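Have a look at the structure below, then the notes.
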């Protein structure tokens, strides 16, 4: 037995691998060092394609986890939960927090996505989040996400995501010089909302302008299958200039970064908050072009640490790629500034210390 306060952690852990699951693993590792941690793993999706999809099996898992939470509540000092702000999972997580509240247990709701604000469009839809969030502590990934909890009687803290130390390859030592054809990288699970079709359309525009490019696509199938991706490549006349790697290991992931000139992430995902893959590209010294949504403009500062484009705007994305090619000295400066900013603000030790301090404070003040 130890004298550390008992904490219940309800989180999704890999596999399948996605940003929230990776961050949950970092959170568990951090909390386990100073608390008696009781982990209730919320494994609802067995594959990437099952993420955000309802099933009867998931309903049974909800009930089973509820029973596990009831059993774990005695002597616990707080509940830490990766709270889903949208979909069926939102109601599921509300149930868990309300149960902890009935037991007079303070909760820490870690929001890894957006969508909560959109659930409060009427007096009746406002009632549930007001009840659930009242008096609780919410962890947000950036200042731009404060609108998610506007009007809710809760406390909040800003704790940005982080990267494992191994993600930082060291400062670049050479000026950025693009290959010919320029090497573009897409690294994400294949979901339409992540903007893959916007990128393909931009590649077609570059080709029409006489700017050769080669696109590498890495990621597991999502709501776009390998066959559907092949159809899209044919549609935009870029099949001969595209390599699809499928799911990649950590080593293959690093190789993909090392062999690319630009990382492109034109997401228009409505739940996007702070995508880890953009930070990983910065840490790997790959210049970034991404969408101006969610917290992205907070760390991809346009013209300073990367380039921003409106979502679903292939013409503007193509223009940004052309701008990067045409100004290699500026692209070099943005790449180097992005690495230093990422190394300073998105370290794992920084994340861990902030999270532990916040949980300690909640327990002490309860």
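The values are calculated or read from the model by the stated rules, or taken from the named source; none is laboratory data. This one's a predicted model, so the numbers in the text were calculated from it and none came from an experiment. Backbone-built Cβ (ideal geometry, glycine too); neighbour counts: all protein chains shown.
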Output for the stretch 113-127, where each listed residue is more than 28 Å from residue 160 (Cβ to Cβ) and either within 24 Å of the chain's Cα centre (by Cα) or modelled with pLDDT of 90 or more (or both): 127
Residue among 95, 65, 105, 109 that is in a loop (DSSP other than H, G, I, E, B) and in the same structural domain as residue 11 (by TED's automatic domain parsing): 105
Wholly enclosed helices (runs of 4 or more DSSP H) of the stretch 263-366 bearing at least 3 residues closer than 30 Å to residue 81 by Cβ and more than 18 Å from the chain's Cα centre (by Cα): 348-365
Given (1) surrounded by fewer than 20 Cβ atoms within 10 Å (Cβ to Cβ); (2) touching a strand residue (DSSP E or B) at 6+ places or on another chain (Cβ under 8 Å); (3) modelled with pLDDT of 95 or more, number of the condition residue 71 does not satisfy: (2)
Residues of the stretch 11-38 that turn out to be closer than 23 Å to residue 363 by Cβ, touching a helix residue (DSSP H, G or I) at 6+ places or on another chain (Cβ under 6 Å) and either modelled with pLDDT under 85 or in a strand (DSSP E or B) (or both), as a count: 3
Search result, residues across the stretch 112-126 that are farther than 10 Å from residue 271 by Cα, outside any helix (DSSP H, G or I) and touching a helix residue (DSSP H, G or I) at 6+ places or on another chain (Cβ under 6 Å): 120
Single match in 207, 183 (criterion: closer than 27 Å to residue 336 by Cα and modelled with pLDDT of 95 or more): 183
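Residue-by-condition table, conditions (1) in the same structural domain as residue 333 (by TED's automatic domain parsing); (2) in contact with a strand residue (DSSP E or B) (Cβ under 8 Å, 6 or more places away or on another chain); (3) within 16 Å of residue 194 (Cα to Cα); (4) crowded, with 23+ Cβ neighbours inside 10 Å:
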| position | (1), (2), (3), (4) |
| --- | --- |
| 238 | yes, yes, no, no |
| 249 | yes, no, no, no |
| 266 | yes, yes, yes, yes |
| 269 | yes, no, yes, no |
| 273 | yes, yes, yes, yes |
| 287 | yes, yes, no, yes |
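Hey, any hits in the stretch 329-345 for a residue that's farther than 25 Å from residue 143 by Cα, modelled with pLDDT of 95 or more, surrounded by fewer than 22 Cβ atoms within 10 Å (Cβ to Cβ) and touching a strand residue (DSSP E or B) at 6+ places or on another chain (Cβ under 8 Å)?
Taking the stretch 329-345 first, the residues farther than 25 Å from residue 143 by Cα are 329-333.
Those still in the list that are modelled with pLDDT of 95 or more too: 329-333.
Checking the rest, the ones that are also surrounded by fewer than 22 Cβ atoms within 10 Å (Cβ to Cβ) come to 329-330, 332-333.
Then drop every residue that is not touching a strand residue (DSSP E or B) at 6+ places or on another chain (Cβ under 8 Å), which leaves none.
The answer is no; no qualifying residue exists.
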Which listed residue is part of a helix (DSSP H, G or I) and surrounded by 17 or more Cβ atoms within 10 Å (Cβ to Cβ), from 199, 215, 185, 152: 199
